[in-house]
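The values are calculated or read from the model by the stated rules, or taken from the named source; none is laboratory data. Small disclaimer: the values here were computed from a predicted structure and weren't measured. Methodologically, a virtual Cβ is constructed for each residue, glycine included, from the backbone with ideal geometry; neighbour enumeration extends over all protein chains shown.
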Amino acid sequence: MDRNLSSSKHTTKKMKELSELSSLLPHQPQEGVVSLLPEQVLAESVDYIKKLQEKLEKLKHKKSCLMRMSENSATDHLKTLNISISVSGSALDVVLRTGLDYQFMYARVIRMLHEEGAEVVNASFSVVDDTIFHNIHSEVNGEHGLERVAARISERLRKFVSDVD
């Protein structure tokens, strides 16, 4: 008889544990519906845990991709917003290095050169991976003072780049 009491307590304990486990599953039985058999509770629990593991792996992969994109965009941002200006005689050359998402800068730089009195003689670009190199060769009329115009253009371009950052 002692054995039956022990077995009954063990069964009651297991049923309580199964009930708790069942309460953690997303598909709760509605009131009035016959509760699941212990085997069904265990099978659903295993399936649910597997689905959660798959979801976790997908989220880890997504996080990893987003982290790489974030790191790449931070380094791309630093390396792609670069302007160099050189003056030789009446020639003013601008080399603008941008990422693919900063293409708008090319037109703005040309407009800025025109506003400052520089005449664009030649403009070209080349794409290498995800970087665009813009080369703009312009002439500045000597009567405006090449050094002063070049300094003003240089200052405006540098301010423009820092505003974009």
Enumeration of residues in region 108-161 that are hydroxyl-bearing (Ser, Thr, Tyr) and not in a helix (DSSP H, G or I): 124, 126, 131, 138
statement: Flagged in region 20-36 as of a type in the set (A, V, I, L, M), in a helix (DSSP H, G or I) and either at pLDDT 80 or above or out of contact with any helix residue (DSSP H, G or I) (no Cβ under 7 Å at 6 or more places or on another chain) (or both), in numbering order, are 24
- line: residue 39 fails exactly one of (1) part of a helix (DSSP H, G or I); (2) modelled with pLDDT under 80; (3) exposed (fewer than 10 other Cβ atoms within 10 Å of the Cβ), namely (2)
field: Residue within region 67-82 that is surrounded by 10 or more Cβ atoms within 10 Å (Cβ to Cβ), modelled with pLDDT of 80 or more and either of a type in the set (Val, Ile, Thr) or farther than 30 Å from residue 134 by Cβ (or both) present
entry: no
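With the structure loaded, tell me whether residue 94 is modelled with pLDDT of 75 or more and either touching a helix residue (DSSP H, G or I) at 6+ places or on another chain (Cβ under 9 Å) or exposed (fewer than 10 other Cβ atoms within 10 Å of the Cβ) (or both) or whether it fails that test.
Yes.
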